[in-house]
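Read the structure below first, then the notes.
The values are calculated or read from the model by the stated rules, or taken from the named source; none is laboratory data. All of these numbers come straight from a predicted model, not from anything done at the bench. So basically every Cβ, Gly included, is an ideal-geometry build from the backbone, and we count neighbours across all protein chains shown.
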Amino acid sequence: MKTVKYVYWIATALVCLGYLGGAALYTFNHAMVADMFPKLGYPVYLTYLLPIVKVLGPVAILSRYSLALSDLAYAGMFFQLPLAFSAHITSGQPGWQPAVIMFVALLVSFFTQNAARKTPSPYAGTRWGMA
């Protein structure tokens, strides 16, 4: 059980650091990101919204102020990461590898959260003897 808690916190830290790093990139190197977004097939105005979301998602997951909000953050990341992977692959732009790594870490974090957190998520299940 203790090992599962370590796995959860490592996976969660990886996802959160990835998202916070992305927010920093979007904020401090905005010109590069704004130039890349049309090549990926996305509108430039998203470069102003995504840094905010990329900070609020990890905050919701780590603080767990609201379980519903935490699960919503997981859901948002669950859809955003495959879209990022797909956009990078189809456009031929580099950068798809972090999306794959973070997606795997996100799944691990989500499915092990009930073993590591006091309030269990009703959506994460009770597999592997956790909860």
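Just a few scattered comments:
- Odd one out for PRO120, checked against (1) more than 17 Å from the chain's Cα centre (by Cα); (2) surrounded by 14 or more Cβ atoms within 10 Å (Cβ to Cβ); (3) touching a residue at least 40 places away in the same chain (Cβ under 8 Å): (3)
- Single unsatisfied condition, GLY95 versus (1) buried (at least 18 other Cβ atoms within 10 Å of the Cβ); (2) modelled with pLDDT under 90: (1)
- One residue alone among TYR65, TYR19, TYR42 is in contact (Cβ under 8 Å) with a residue 40 or more places away in the chain, outside any helix (DSSP H, G or I) and either on the phi < 0 side of the Ramachandran plot or in contact with a helix residue (DSSP H, G or I) (Cβ under 9 Å, 6 or more places away or on another chain) (or both), and that residue is TYR42.
- Positions within region 28-43 being of a type in the set (A, V, I, L, M, F, W, C) and closer than 19 Å to ILE89 by Cα, in sequence order: MET32, VAL33, ALA34, MET36, PHE37, LEU40
- Of everything in region 28-76 that is more than 30 Å from ALA116 (Cβ to Cβ) and among the β-branched types (Val, Ile, Thr), the residue that is surrounded by the fewest Cβ atoms within 10 Å (Cβ to Cβ) is VAL44.
- Note on region 68-97: residues that are within 22 Å of PHE37 (Cβ to Cβ), out of contact with any Lys or Arg (no Cβ under 8 Å at 6 or more places or on another chain) and assigned to a helix (DSSP H, G or I) total 17.
- Selected residue (criterion: modelled with the lowest pLDDT) from residues of region 98-131 that are in a helix (DSSP H, G or I) and of a type in the set (Phe, Trp, Tyr): TRP128
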